[in-house]
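Peer 1: Input: one structure, supplied below.
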Amino acid sequence: MDPQLILPLLRLQETDQEIERIERRLRKIEEERKALLKELEEAEGRLSELENSVEKKRKELKELKEKIEEEERALENTERKLTRVRKDVEYKALLREKSKHEDNILKMSYELDDISGELESLKEEVSREKPKLERRIKDIKEELDDLDYEEKAGKRKLEDLVKQREERCKSVEQSLLNFYEEARKRFENGVIVKVEEEVCTGCGMKVPDVLFSKMLKDKSIEVCPSCGRYIYYKL
């Protein structure tokens, strides 16, 4: 086959390969975006969880302090009653009430110490993790912005290539174009491929010596007997 007939087809193939490359990258961008959004959700969730845990523990501590203060007021009131009571039965009842308040205060004081310790541990955990999470959240958002920019650029380039393809199709002989369009469905790495060291780079099979000699002599475009691709040695 005359190389001049195949050159427009080769240029069309180059355009198609670039279109396929960009489409693969756009699909990859979408996968990367989904992974980043998932990581972002997890990081923001963890940050919120840490902050909420501290706030929750502070509220728990505050409520317990209020309960202790309430018990202390009740204890003071009971002690005042003890100074005024005259009957033995009432006095003993107030003593029991006083003991109950004291026990409650003691129990809640131990609980207060535990919660205070837990709060300090949480605050330390937040101080360690929060800066890391905030940095990662910032990085993820920047990576998402970069992906958005790359995606927009890729889509613009894709539009240009589609238009270029339409123009290049017009310069290819119709019978060759029909063969090419059909062959593209079967061959992933090109319909027109180079021969290197007497091997078809499309299928990896050795080109018969007679055929290769003809290609060297005539600088012609031939069909690989193994895979059916157009093959060339030099154009």
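All of the numbers you see were taken from the coordinates with simple rules; none came from a lab. Remember, predicted model here, so these are calculated numbers, not experimental data. Here Cβ is always computed from backbone atoms with ideal geometry, including for glycine, and neighbour counts include all displayed protein chains.
Peer 1: Select from Arg86, Arg21, Arg128 the residue whose mean-square fluctuation is largest in a Gaussian network model of the chain (Cα-Cα springs shorter than 10 Å).
Peer 2: Maximum fluctuation in the GNM of the chain, among the listed residues, is at Arg86.
Peer 1: Let me ask something else about it. Can you tell me the Rg and Dmax of region 186-232, counting just the alpha carbons, in angstroms?
Peer 2: 9.6, 30
Peer 1: Using a 7 Å offset from the Cα along the Cα-to-Cβ direction at both Glu150 and Arg33, what is the distance between the two label points in nm, to one decimal?
Peer 2: Computed distance between label sites Glu150 and Arg33 equals 1.3 nm.
Peer 1: Further question on the same structure: Near Lys152, which lysines are there with a Cα under 16 Å away, not counting those fewer than 8 places off in the same chain?
Peer 2: Lys28
Peer 1: Using a Förster distance of 25 Å, how high is the FRET efficiency between Glu70 and Glu49, based on the Cβ-Cβ distance and rounded to 0.05? Intermediate results must be reported in sequence, preceding the final value.
Peer 2: Details: r = 31 Å, r/R0 = 1.25.
Here the calculated transfer efficiency is 0.20.
Peer 1: Sticking with this one: DSSP beta bridges in the chain, what fraction antiparallel, as a percent rounded to 5? Before the final figure, lay out the partial values.
Peer 2: Numbers: 5 of 8 bridges.
Of those bridges, close to 60 percent are antiparallel.
Peer 1: Tell me the mean residue ellipticity at 222 nm calculated for the chain from its helices only (DSSP H runs of n ≥ 4, each -39500 (n - 2.57), averaged over every residue, nearest 500).
Peer 2: Values: 4 runs with 186 residues, N = 235.
The per-residue figure over the chain is -29500 deg cm²/dmol.
Peer 1: Here is a further query. Over the chain, with a Gaussian network built from C-alpha contacts below 10 Å, which listed residue (Val191, Val89, Val162) shows the highest mean-square fluctuation?
Peer 2: Greatest mean-square fluctuation among the candidates belongs to Val89.
Peer 1: Which of the lysines could be linked to Lys234 by a straight reach, that is with a Cα gap under 16 Å, when you skip same-chain ones fewer than 8 residues away?
Peer 2: Partners found: Lys194, Lys214, Lys217, Lys219.
Peer 1: Past 24 Å, Cα to Cα, is the threshold; run Lys62/Lys92; Lys38/Lys59; Lys57/Lys130; Lys67/Lys98; Lys56/Lys98 against it and keep the listed order. List each step's numbers first, then the result.
Peer 2: Values: Lys62/Lys92 33 Å; Lys38/Lys59 31 Å; Lys57/Lys130 17 Å; Lys67/Lys98 16 Å; Lys56/Lys98 32 Å.
The pairs that break the limit, which is 24 Å between Cα atoms, are Lys62/Lys92; Lys38/Lys59; Lys56/Lys98.
Peer 1: In addition: Anyone know which of Glu143, Glu32, Glu182 comes out most mobile in the 10 Å Cα GNM of the chain?
Peer 2: Glu182
Peer 1: Let me ask something else about it. So who's got an amide H within less than 5 Å of the one on Val199, skipping anything under 5 residues away but keeping other chains? H placed 1.01 Å off N, in plane.
Peer 2: Residues meeting the criterion, in which the H sits 1.01 Å from N, are Val207.
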